[in-house]
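Notes for the one structure printed next.
The values are calculated or read from the model by the stated rules, or taken from the named source; none is laboratory data. This one's a predicted model, so the numbers in the text were calculated from it and none came from an experiment. Neighbour counts run over all protein chains shown; Cβ positions are idealised from the backbone, glycine included.
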Amino acid sequence: MTAQLIDGNLLSKQLRTEVAARAQALKAKGVTPGLAVVLVGDNPASQVYVRNKVKACEDSGLHSVLEKYEATLTEADLLARVEALNNDPSIHGILVQLPLPAHIDAQKVIEAISPAKDVDGFHIASAGALMTGMPGFWPCTPYGCMKMLESIGYDLRGKHAVVIGRSNIVGKPMALMLLQKDATVTVAHSRTQNLKALTLQADVIVAAVGKRNVLTADMVKPGAVVLDVGMNRNDEGKLCGDVDFEGVKQVASHITPVPGGVGPMTITMLLVNTLEAAERAAK
Ligand code: NAP
């Protein structure tokens, strides 16, 4: 069997076209959806991420503001900026790019963002909303994974999903989203014993670890759907995921590539959340 690719670039393009149309409709009512991206310091990877986010906004007709600050910015000054953005009616979504410099308490900054503008979905109120099935913003990466499953018409009811990784931004919210769709969910992590025994039972596997070859072909049940969130570099310095793509694609029914899989979906879901925030504010 050779797995069918779930193409994150293609799906993103479709979703961004929908976002652009909805943004246009809001603009016609006098509301331009706006995202503020706050970057503190000069982390090179963060600079690339924020540039891509701002460009994605512009391409889809969303208004975006990039606020850049020196790494020496105080926590108090950053909190004051967040508060100003909370009160700015032209801004519907606020994203503070992580990581923040060590002298700033990142959790405190996230909690300062108004939950109504928490388009990253990292606020404790957003986490609580996801856990209880209430309306709120879902973290973009696992939300993108759910859209990928939806795009292949996958019915999660009664299926066994194994999520490898339990971070607050990917693994845990991913598990809750799968549970909400009636999957039976197992969450694996660095202390999990015999990961292979678990993954071999899985209909869906989400790998979100940050280590190459965490999932190899011998660990996958024939026909399983495999989503690869990981972002790593191989020996040649090329971007690769957590999954041994060449091996696993011989066993799985569907698989996401890296690059071109979950990565582009993350930014797309940020646009979707920002648009949603603007639509809610306009109501
Ligand atoms: P993280 O906070 O470092 O969490 C990694 C998780 O993997 C932890 O829960 C850890 O377990 C678990 N783990 C480590 N070694 C393991 C092993 N050998 N077997 C099973 N589990 C193991 O990372 P993250 O922020 O969730 O990100 C995970 C990966 O996704 C990274 O490569 C990151 O770059 C990538 N990512 C991609 C996107 C995207 O847009 N494509 C977005 C976010 C993240 P413990 O909890 O026990 O330590």
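Observations on the structure shown:
- Scanning region 245-258 for residues that are surrounded by fewer than 20 Cβ atoms within 10 Å (Cβ to Cβ) and of a type in the set (D, E, K, R) yields one hit, Glu246.
- Exclusive hit being on the phi > 0 side of the Ramachandran plot and in contact with an Asp or Glu (Cβ under 6 Å, 6 or more places away or on another chain), set Asn194, Asn213: Asn213
- Elements of type helices (runs of 4 or more DSSP H) in region 102-164, at least 2 residues being under 24 Å from Ala277 (Cβ atoms), over 17 Å from the mean Cα position of the chain (by Cα) and in the same structural domain as Thr74 (by TED's automatic domain parsing): 106-112
- Residue check for Ala278: in a helix (DSSP H, G or I), buried (at least 17 other Cβ atoms within 10 Å of the Cβ) and either of a type in the set (Lys, Arg) or more than 16 Å from the ligand (Cβ to nearest atom) (or both): yes
- Restricting region 40-74 to residues that are part of a helix (DSSP H, G or I) and touching a residue at least 40 places away in the same chain (Cβ under 8 Å), the residue that is surrounded by the most Cβ atoms within 10 Å (Cβ to Cβ) is Cys57.
- Filter result for Asp218 (within 16 Å of the ligand (Cβ to nearest atom) and crowded, with 20+ Cβ neighbours inside 10 Å): no
- Search result, residues across region 228-269 that are in a loop (DSSP other than H, G, I, E, B) and away from the ligand (no atom under 11 Å from the Cβ): Asn234, Asp235, Glu236, Gly237, Lys238, Asp244, Lys249, Gln250, Val251, Ala252, Ser253, Pro257
- Exactly one residue out of Val225, Val272 is crowded, with 17+ Cβ neighbours inside 10 Å, in contact (Cβ under 8 Å) with a residue 40 or more places away in the chain, more than 16 Å from the ligand (Cβ to nearest atom) and β-branched (Val, Ile, Thr): that is Val225.
- Residues satisfying the stated conditions in region 175-212, i.e. in a helix (DSSP H, G or I) and more than 9 Å from the ligand (Cβ to nearest atom): Ala175, Leu176, Met177, Leu178, Leu179, Gln180, Lys196, Ala197, Leu198, Thr199
- Residue that is surrounded by the fewest Cβ atoms within 10 Å (Cβ to Cβ) [pool: residues in region 150-173 that are closer than 20 Å to Val209 by Cα and more than 9 Å from the ligand (Cβ to nearest atom)]: His160
- Taking (1) touching an Asp or Glu at 6+ places or on another chain (Cβ under 7 Å); (2) closer than 24 Å to Gly136 by Cα in turn, Ile104 satisfies each apart from (2).
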